[in-house]
Amino acid sequence: MRIIEAVDYEDMSRKAANIISAQITLKSDSVLGLATGSSPVGLYKCLVERYQNGDLDFSQVTSVNLDEYKGLSGDNDQSYRYFMNSHLFDHVNIDKIQTFVPNGLEADSRQECERYDQVLADVGRVDIQLLGMGHNGHIGFNEPGDFFHMGTHCVDLAQSTIEANKRFFATEEDVPRQAYTMGIGSIMQAAGILVIVSGAEKAGIVAEAFAGPVTPRVPASVLQLHHNVILVADQAALSELKKRMADL
Ligand code: GLP
């Protein structure tokens with residue numbers, strides 16, 4: 001794993017945007033695995049600026065998103081489809097037909113998971129998968145559990161995730177209790193993985209994920225087994241990991 005230390009959130013966003021920009025520049029028809037949450041907002045802003053400056057062309061890019069709340073339509077301003085449109089897709093020249101997000105409105109979980117796995121098979125290997133990390137070490141919506149899920153599945157969100165994400169909703173009751181997420185197996189198939197983390201409140205989980213045992217109890221720990229992971233994190237988020245690595 002390569003670790004790139006950033007000063008703060010802005011610096012993390014720029015450094016991560018450099019990596020995604022290089023990917024698109026070197027391979028115009030890249031398949032990007034994309035993420036939502038607060039972590040990538042600054043990165044998407046940088047990508048939009050670079051597109052507006054004429055430095056990036058998204059016309060041949062395909063994207064697959066990690067996850068979506070079950071029960072929310074793409075028009076709902078808390079859905080991840082809405083997030084992607086408003087933070088990135090509406091502002092660059094990507095072909096929306098080539099942007100894929102699980103369908104939160106499909107009530108039949110089995111059908112939606114099979115459909116999304118087929119989408120992933122059809123788009124081919126993800127060139128670079130962007131990941132944020134939840135406070136409990138979740139990636140996408142792969143919550144801590146007894147085993148690593150391979151393919152797309154419907155998850156019951158952990159109470160800590162509901163609490164962490166309630167800031168985006170009017171009340172905690174409005175936070176959906178379930179979500180569709182790409183599986184760990186699919187995430188691990190990406191050619192490269194770019195993890196972005198910021199803030200002192202994630203320092204402990206970053207250390208557990210990257211210097212602790214590989215366990216489904218900390219889903220992000222599986223990334224230790226991937227051959228091409230870049231972690232771009234600010235000093236605050238890296239503080240515990242650096243201490244642990246110094247002790248090794
Ligand atoms: C959500 C998303 C994850 C994201 C995580 C962290 O639960 N499903 O993909 O990584 O939140 O979010 P944030 O970046 O806001 O801390």
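Here, each number is a calculation from the coordinates, and none is a lab measurement. Source: prediction; values computed, not measured. Note that we place each Cβ from the backbone using ideal geometry, even for glycine, and neighbour counts take in every protein chain shown.
Quick look at the numbers
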{"read-out": "Distance in nm between pseudo-label sites at Asp75 and Ala246 (7 Å out along the Cβ direction from Cα)", "value": "5.5 nm"}
{"read-out": "Extension reserve of the Val123-Asp55 stretch, reckoned as 0.36 nm per residue once the Cα distance is removed", "value": "22.0 nm"}
{"read-out": "Over the chain: helical MRE at 222 nm, DSSP H runs n ≥ 4 each giving -39500 (n - 2.57), nearest 500", "value": "-10500 deg cm²/dmol"}
{"read-out": "Point-to-point label distance, His226-Glu201, nm (Cα→Cβ direction, 7 Å offset)", "value": "2.4 nm"}
{"read-out": "Cut-off 19 Å, label 7 Å out along Cα→Cβ of Ala107, residues of segment 67-83 by amide N", "value": "69-76"}
{"read-out": "Phi-based couplings in Hz for segment 157-172 (Karplus 6.51, -1.76, 1.60; Gly and Pro marked x)", "value": "5, 5, 4, 5, 6, 4, 5, 5, 8, 5, 4, 8, 10, 4, 9, 4"}
{"read-out": "Rounded to 5, percent antiparallel among DSSP beta bridges of segment 100-248", "value": "40 percent"}
{"read-out": "Cβ-derived FRET efficiency at R0 35 Å, Arg115 paired with Glu10, nearest 0.05", "value": "0.40"}
{"read-out": "Scaled radius of gyration (Cα, divided by 2.2 N^0.38 Å) that the chain gives", "value": "0.95"}
{"read-out": "FRET E, pair Ala191, Phe147, Förster distance 25 Å, beta-carbon r, rounded to 0.05", "value": "0.55"}
{"read-out": "Linear extension gain, Asp29 paired with Ser239, 0.36 nm per residue minus alpha-carbon span", "value": "71.9 nm"}
{"read-out": "Choice from Ser63, Ser13, Ser186 showing the highest fluctuation, given a GNM over the chain with Cα pairs closer than 10 Å", "value": "Ser186"}
{"read-out": "Eligible aspartates and glutamates near Lys96 by straight Cα distance, threshold 18 Å, same-chain separation 8 or greater", "value": "Asp29, Asp57, Asp67, Glu68, Asp75, Asp77, Asp122"}
{"read-out": "Nonlocal amide H pairs with Gly140, under 5 Å, H built at 1.01 Å", "value": "Gly132"}
{"read-out": "Cα-only Debye scattering, segment 1-133: base-10 log of I(q)/I(0) at q = 0.14, 0.16, 0.20 Å⁻¹", "value": "-0.63, -0.83, -1.24"}
